[in-house]
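The values are calculated or read from the model by the stated rules, or taken from the named source; none is laboratory data. Nothing here was measured: the structure is a model prediction, and the numbers come from that model. Using ideal geometry, Cβ is built from the backbone for each residue, glycine included, and neighbour counts are taken over all protein chains shown. Surface accessibility is based on the protein's heavy atoms, side chains included, excluding ligands, DNA and RNA. Shrake-Rupley method; radii C 1.70, N 1.55, O 1.52, S 1.80 Å.
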Amino acid sequence: MGKHRAILQVAGFQNSGKTAVMEKLIKRAQRESLKTGTIKHHGHGGAPDKALMEKDSGKHLEAGSKLAGVEGGGVLQLSLGSGSWTLEELMNIYSLLDLDLILIEGYKHAPYPKAVCIRNEHDLGLLELSGIVCVIADNKEMVQTSVPVFSFHDEEHLYLDFLVKVVKKQYESESI
């Protein structure tokens, strides 16, 4: 891989608040001047909605291309087709880019530091995942763990401060 970058996952079940946490983290990383890339696992089965794909790149993929790119107006959209992609393969692609931080939404069992989103008692089994650095919960009192537990309802978003410290410590410790 190229230069070192920090990696942080946001894990949880469907509708647990992962995307909302990711959006806040991306905005915060931007304020911290961290060049950020994201990877989202589409865990609902099947390929992501084809309506999201640009028309011509979709045709390229259907014709058999493994990678289709469209650039315009300063935006590059890449579509990767042909089979399923492991997180490791995606990380290798991202390693080619000049990023300080990769945020991963999903991929619960991947070995990276992660914030876990807990909405209800059904989600408590996620506390057995490896690499948990904090929990963001609907009800902090239901979560018994040794890592910091934050509330989704915290207006000051203290979990963002904590996660930025985790990211910066990870980035700085590997950059020496």
Once all protein chains are kept in place, Thr19 shows an accessible area at probe 1.4 Å, nearest 10 Å², of 70
Say R0 is 30 Å: what FRET efficiency, to the nearest 0.05, do Leu80 and Asn15 get from their beta-carbon distance?
0.70
Expressed in angstrom and ordered largest first, the alpha-carbon extents of the chain along the principal axes are 53, 40, 27
Placing unit charges on C-beta atoms (Lys and Arg positive, Asp and Glu negative, everything else neutral), compute the dipole magnitude of the chain about its Cα centre in debye, rounded to 20.
260
Neighbour cut-off at most 16 other Cβ (10 Å), DSSP loop, GluC sites (Glu not before Pro), the range 55-156:
Glu155, Glu156
State which entries of Lys40/Lys114; Lys27/Lys108; Lys114/Lys168 exceed 18 angstrom in Cα-Cα distance in the structure shown.
Lys27/Lys108
Top mean-square fluctuation among Gly125, Gly72, Gly17, Gaussian network model of the chain, C-alpha springs under 10 Å?
Gly72
Residue span Leu96 to Ser151: 0.36 nm per residue of separation minus Cα-Cα distance leaves a gain in nm of 16.2 nm
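Can you check how the C-alpha radius of gyration of the range 101-176 compares to 2.2 N^0.38 Å, as a plain ratio?
1.12
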Ranking Val10, Val21, His60 by how far each Cα lies towards the positive end of the charge dipole of the chain (+1 on Lys and Arg Cβ, -1 on Asp and Glu Cβ), the top one is His60
